[in-house]
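The values are calculated or read from the model by the stated rules, or taken from the named source; none is laboratory data. Just so you know, these numbers come straight off a predicted model, no measurement behind them. When we count neighbours, we look across all protein chains shown, and the Cβ atoms used for this are built from the backbone with ideal geometry, even at glycine.
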Amino acid sequence: MPVTRGGSRYHPGRYALVLARIPHPRRTIIDVRGFEPVKGQWLNAGNGVLGSVEQAREAFAEACEPYLAPPAPKRLPVADPQTHLKPFVDFLKERAEAPLPFAIPALSRYRIVIMGEAHHRPRYWAFNTSLVRHPDFARHVGTIYLELPSHNQGLVDRFLAQSRCDPNLVIRTLRDMLWTGWPDQSMFEFFPAVWPVNQGLPKLAGAEFTAAMSHTWGQPRNWRRSLGPLDAWPYGDDWESKIRRRQVQRSLQQPELITQAAERLFAALRQADYERYRNGSNWGTFLPEGVAYQVDRHFDSWVARVCQTFSRNPIKAVDVGTVFQNPRGLPAVPYEVTLADGRVLEGTLPFTYLPRQQVWMGMQGMDWHLQHPLPDGKPASVKPNPAAATP
């Protein structure tokens, strides 16, 4: 995917932020990637996605705050540090172990050992490499799980099975990951460290060893999102579509699900912070958790229209009608929104189900920002087109 360079911001010697605009037909997506200096080199310090350049600049300012002024003390100074720390020092003297001798017994004692990951830090991957090369590692471990998309598992299998350590398959695996870049040199070097260990396994009485990628419910490229409900696995790779269809059928038997979702959506519009979101720049957090709405296009303009309209002409009443199945097979509900000056916004609001978030989302039935402006002082009706969506 092409990425438009968006510039960078820099705090001398401490922190750098690179901004890139990711092209999208309906919304603004800014990739925000931080870097920190480690031993003379700038290392990836993580990334995120924001909805505007203004938000990215605010994020940079927040990240630099610890460098601009010393943080306020969180507690009073300790009068006698040695006495205060003595129980902790005694505990470490009695119980502390080096990382490697601590980890190996855990691998032999438990069927699953989960290790916290330190992203982009060579010391973390150096420890992983020393762990794999330990003579007892292969005796206790059958599978290594890494945080990578599952659709390239075949490349990893071929790399481990080949007669010579050719890293080209690893390069292909890591290259087809996150389009804005994520893998680093240390992660890459871990794979060749595993290869010779795997080659020697047939001598260990039939032990089996594979490096497996993390399972993402068969959805490559979606691994950054939440894995979704725990009951998704019986549905296979197409779990989202199957769960969505099941929930749509359920809603036609239990229409109160849609009525409640519509009421929550309208309540969110009435309770929104109009001043904060009036220019639409912070649209990503406009709706609270558990409430969702999708416009046909330009969500930021929709947020601005809602805030600017309802701040000066508040919603007086909302009437939600009877749920029905629209021509696309989606549950839909008619509505009337009466404003303080007497004008009425009238339309039909279809809903679809989001399996990952486990919420009902309104679909394009309130795209008031795409309608012609209402004449001031006169009651009017607006009837947006139903969403062109399938269950």
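Need the failing condition index for Pro183 against (1) crowded, with 17+ Cβ neighbours inside 10 Å; (2) modelled with pLDDT under 90; (3) under 21 Å from Thr129 (Cα atoms); (4) in contact with a Pro (Cβ under 9 Å, 6 or more places away or on another chain), just the number.
(4)
Of the residues Ser108, Ser163, Ser130, which is assigned to a loop (DSSP other than H, G, I, E, B) and small (Gly, Ala, Ser)? Outline the logic, then answer.
Working: Ser108 fails: assigned to a loop (DSSP other than H, G, I, E, B); Ser130 fails: assigned to a loop (DSSP other than H, G, I, E, B).
Residue meeting the stated conditions: Ser163.
When the residues of the stretch 133-160 are filtered to those that are assigned to a loop (DSSP other than H, G, I, E, B) and within 28 Å of the chain's Cα centre (by Cα), which remaining residue is farthest from Leu201 (Cα to Cα)? Give the steps one after another, and end with the answer.
Filtering the stretch 133-160 for residues assigned to a loop (DSSP other than H, G, I, E, B) gives 134-136, 141-142, 147-149.
In the following step, the residues that additionally are within 28 Å of the chain's Cα centre (by Cα) were identified as 147-149.
Numbers: Glu147: 24, Leu148: 24, Pro149: 26 Å.
Applying the filter and picking the extreme gives Pro149.
Condition first: surrounded by 18 or more Cβ atoms within 10 Å (Cβ to Cβ) and at pLDDT 85 or above. Now tell me which residues in the stretch 275-293 satisfy that.
Of everything in the stretch 275-293, those that are surrounded by 18 or more Cβ atoms within 10 Å (Cβ to Cβ) and at pLDDT 85 or above turn out to be Tyr277, Phe286, Leu287, Val291, Ala292, Tyr293.
Kindly indicate whether any position in the stretch 105-118 is over 30 Å from Arg33 (Cβ atoms), of a type in the set (Gly, Ala, Ser) and either in the same structural domain as Phe190 (by TED's automatic domain parsing) or touching a His at 6+ places or on another chain (Cβ under 8 Å) (or both). Spell out how you get there, then give the answer.
If we filter the stretch 105-118 for residues that are over 30 Å from Arg33 (Cβ atoms), which is where we start, we get 105-113.
Retained after the next criterion (residues that are of a type in the set (Gly, Ala, Ser)): 106, 108.
Now narrow it down to the ones that are either in the same structural domain as Phe190 (by TED's automatic domain parsing) or touching a His at 6+ places or on another chain (Cβ under 8 Å) (or both): 106, 108.
Yes, because at least one residue in the stretch 105-118 is over 30 Å from Arg33 (Cβ atoms), of a type in the set (Gly, Ala, Ser) and either in the same structural domain as Phe190 (by TED's automatic domain parsing) or touching a His at 6+ places or on another chain (Cβ under 8 Å) (or both).
Has the stretch 59-80 got at least one residue that is modelled with pLDDT of 85 or more and in a helix (DSSP H, G or I)?
To start, the set of residues in the stretch 59-80 that are modelled with pLDDT of 85 or more comprises 78-80.
Okay, now just the ones that are also in a helix (DSSP H, G or I), so none.
Checked against the condition, which is being modelled with pLDDT of 85 or more and in a helix (DSSP H, G or I), the stretch 59-80 yields no hits at all.
Just one of (1) part of a helix (DSSP H, G or I); (2) closer than 21 Å to Arg27 by Cα; (3) among the small types (Gly, Ala, Ser) trips up Ser311, so point out which.
Ser311 satisfies all of (1) part of a helix (DSSP H, G or I); (2) closer than 21 Å to Arg27 by Cα; (3) among the small types (Gly, Ala, Ser) except (2).
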